[in-house]
Amino acid sequence: MAETHTSRSEEETALTARNLAERIRPGMIITLQGDLGAGKSVFARALGRALGVEEPMPSPTFSLVHEYQGRLPLLHIDLYRLSGEDEFDLLGLEEAMEGAATLVEWPERAPRLLEEAAVRVTITIASQAPHPHDQIRTITIE
């Protein structure tokens with residue numbers, strides 16, 4: 001059953017991520033979808049913090065994968081620059097993913113991950129505002 005949350009600020013987005021973190025276990029794949037600027041990075045950082053990650057969590061867009069240690073290992077994968085699932089398979093991350101929680105941004109680049117995901121998070125901008133921080137977002141967790 002899907003949960004829907006409305007976020008009017010980065011703090012509310014972070015709260016939703018922290019609440020989700022309580023349910024995350026090793027081996028789980030969490031997909032994170034949304035347009036550029038939707039708030040995926042805010043959500044990812046808050047989820048990491050709630051899982052005990054203390055180091056900075058930059059977007060892994062240029063390195064594809066970052067690995068963190070908190071109360072459980074966390075892989076943060078960004079597939080934006082991949083052209084498809086074949087390229088993902090070449091990364092050879094299956095073993096690392098088994099013992100870690102894996103957060104995947106742009107999972108549509110590797111559709112198999114969408115099928116294997118234990119949790120699917122979608123962030124959409126529900127209302128436009130002059131400043132991105134003032135936009136209302138809808139966060140759906142399935």
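Here are some notes:
- Of the numbered criteria (1) modelled with pLDDT under 95; (2) more than 17 Å from His5 (Cα to Cα); (3) among the hydrophobic types (A, V, I, L, M, F, W, C), the one Ile136 fails is (2).
- Those strands (runs of 3 or more DSSP E) lying entirely in the stretch 1-119 with at least 3 residues under 21 Å from Arg137 (Cα atoms) and either in contact with a helix residue (DSSP H, G or I) (Cβ under 9 Å, 6 or more places away or on another chain) or open to solvent by 40 Å² or more (accessible area, probe 1.4 Å) (or both): 3-7, 29-33, 101-105
- The residue pairs whose first member lies in the stretch 6-17 and is touching a residue at least 40 places away in the same chain (Cβ under 8 Å) and more than 12 Å from Ala44 (Cα to Cα), whose second member is among the charged types (D, E, K, R) and open to solvent by 80 Å² or more (accessible area, probe 1.4 Å), and whose beta carbons are closer than 9 Å, counting only pairs six or more residues apart or on different chains, are Arg8/Asp134; Ser9/Asp134.
- Picking from residues in the stretch 121-133 that are surrounded by fewer than 18 Cβ atoms within 10 Å (Cβ to Cβ) and modelled with pLDDT of 90 or more, the one that is farthest from Ala44 (Cα to Cα) is Ile125.
- Pro107 vs. criteria out of contact with any strand residue (DSSP E or B) (no Cβ under 6 Å at 6 or more places or on another chain) and within 15 Å of Ile29 (Cα to Cα): no
The values are calculated or read from the model by the stated rules, or taken from the named source; none is laboratory data. These numbers come from a predicted model, not from an experiment. Don't worry about glycine lacking a Cβ; one is built from the backbone with ideal geometry, like all the others, and counts go over all protein chains shown. Each accessible area value is taken on the protein alone, full model and side chains, heavy atoms only, with ligands, DNA and RNA left out. Shrake-Rupley method; radii C 1.70, N 1.55, O 1.52, S 1.80 Å.
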